[in-house]
Amino acid sequence: FDEVFGLTSGMALGRTDEEVFSPEQAALFQAHDREVLVSGLGQEFEEVSQQRDGPRTSIVAKFPVPDVSGQISAIGVIATDITERKRIQEQLRLYQEIFTHSIDGIAVIDLHGRYLQQNSVHQQILGYSTDELSGKTPAIHLGAEAFARVGRALCATGTYRGEVESRTKHGATLPLDLTAFTVKDALGQ
């Protein structure tokens, strides 16, 4: 606890929330404590606290701790830091917004070259529903030679940029300005 909040060892012992935390932080902690005391039941809260490395979000389980006579004598707290999970959720939300509202056609393809998903613009351009593309490669509309050329460039450099000729589901031919790139994980894979 001391380490997480940047306190010297034992600094919080015997002190109130107001003596350790900012007024806003103390008020939030106390409001949740009161809910547990009033209900007499354990509850779970999402709490944001200011810590030495910035704001951190935790899932906090608070529960009444009875003494030998059955009277509540303390509140137990177990906190799990979910800051990184919240950051990833926000990145995924932002990605989904970009994917959904882009004016360009966007598709995601797996390592075997098969479609995983597409946005509505990509669907409008080619005329294929997501179900129709699922499990298929872009060779369905680019042709095998162009698809292989893009694949070779991705393997060699991780990117491809150029104009390709594509066919819609209904057979119309159209030029596409295609940008393709690989997405790597934290380990560079």
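For the stretch 91-189, treating each Cα as an identical point scatterer without solvent, what Debye log10 I(q)/I(0) comes out at q = 0.10, 0.14, 0.25 1/Å?
Each listed q maps to, in turn, -0.27, -0.54, -1.62.
Within the stretch 114-189, report the trypsin sites (Lys or Arg not before Pro) that DSSP leaves as loop and that have at most 10 other Cβ atoms within 10 Å. Show your work: numbers first, answer last.
Working: sites: R114, K136, R149, R152, R161, R167, K169, K184; in loops: R114, K136, K169, K184.
Within the stretch 114-189, the qualifying trypsin sites (Lys or Arg not before Pro) (loop, at most 10 other Cβ atoms within 10 Å) are K184.
Percent of alpha carbon pairs in the stretch 1-153 separated by more than 29 Å?
Beyond 29 Å sits 49 percent of the P(r) for the stretch 1-153.
Is it possible to state the helix-based mean residue ellipticity at 222 nm for the chain, with each DSSP H run of 4+ residues giving -39500 (n - 2.57), the sum divided by total residues, to the nearest 500 deg cm²/dmol? What is it?
My calculation for the chain gives -11000 deg cm²/dmol from helical runs alone.
Taking only C-alpha pairs under 8 Å that are 6+ residues apart, what is the relative contact order of the chain in percent?
10
Taking H as built 1.01 Å from N, whose amide H comes closer than 5 Å to the amide H of Y128, not counting residues under 5 places away?
Long-range HN contacts for Y128: K169.
Readers should treat all values here as calculations from the given coordinates under stated rules, not as data from a laboratory. No experiment lies behind these values; they were computed from the predicted model shown. Please note: Cβ atoms are built from the backbone with ideal geometry, for glycine as well, and neighbour counts cover all protein chains shown.
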